[in-house]
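K.L.:
Structure below; questions to follow.
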Amino acid sequence: AEARLASTLHHPNIAKVFDAVIDHDACYFAMEFVHGHDVRALLAAAAARQRPMPLAIAISIMYGITSALAYVHDPHGPHA
């Protein structure tokens, strides 16, 4: 059910789910490859420089996250 729901989500800040398989009670998702760095790597790079993450980058990340969350929780969205 989760895989079916995830496959209906179409938003630029949500990785696409192409397929899901259940094998020996484990569920595997085939998902879109998203090129780039994860937040953990960005934070590690900032820590290595002994500087905080630049505010513009942090705001951009949070905007993407909140935009995706708003889309997922919109009761009038395509997955409702």
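K.L.:
Please get the size of the charge dipole for the chain, origin at its Cα centre, with Cβ charges of +1 on Lys and Arg and -1 on Asp and Glu, quoted in debye to the nearest 20.
P.N.:
On the way: 5 positive and 7 negative charges, 103 e Å.
Here the size comes out at about 500 debye.
K.L.:
Also: Under 8 Å for C-alpha pairs, at least 6 residues apart: give me the relative contact order for the chain, rounded to a whole percent. Kindly include the intermediate steps, with their values, before the conclusion.
P.N.:
Working: 58 pairs, mean separation 23.4, N = 80.
So the answer I get is 29 percent.
K.L.:
Please compute the per residue accessible area over the chain with all protein chains in place, 1.4 Å probe, rounded to a whole number of Å².
P.N.:
Here the per-residue accessible area is 83 Å².
K.L.:
Under a 5 Å amide H to amide H cut-off, with H placed in plane at 1.01 Å, what residues pair with ALA20 once short-range neighbours are removed?
P.N.:
ALA30
K.L.:
Carbon-plus-sulfur fraction of the accessible area of the chain, 1.4 Å probe, in percent? Don't skip to the end; give the middle numbers.
P.N.:
Values: 4200 of 6630 Å².
That fraction is 63 percent.
K.L.:
Could you sort the peptides 24-36, 5-17 by per-residue average Cβ neighbour count (10 Å cutoff), highest mean leading?
P.N.:
Numbers: 24-36: 8.6, 5-17: 14.2.
Output ranking for 24-36, 5-17: 5-17, 24-36.
K.L.:
Quick check: pseudo-label points 7 Å beyond the Cα along Cα→Cβ at HIS76 and ALA47, how many nm apart are they?
P.N.:
Between HIS76 and ALA47, the simple spin-label model gives 4.3 nm.
K.L.:
How would you rank 39-50, 61-72, highest first, on the average number of other Cβ atoms within 10 Å across their residues? Spell out each step's value before the answer.
P.N.:
Working: 39-50: 11.1, 61-72: 13.2.
Ranked by mean Cβ neighbours within 10 Å, highest first: 61-72, 39-50.
K.L.:
Would you work out the relative contact order for region 1-42, in percent, from Cα pairs under 8 angstrom that are 6 or more residues apart?
P.N.:
Details: 37 pairs, mean separation 12.1, N = 42.
Reported as a whole number, the value is 29 percent.
The values are calculated or read from the model by the stated rules, or taken from the named source; none is laboratory data. From a predicted model like this one, the values you see are computed outputs, not experimental measurements. Heads up, the Cβs are rebuilt from the backbone with ideal geometry, glycines too, and the neighbour counts pull from every protein chain shown. Accessible surface is based on the protein model in full, side chains and every heavy atom, while ligands, DNA and RNA are left aside. Shrake-Rupley method; radii C 1.70, N 1.55, O 1.52, S 1.80 Å.
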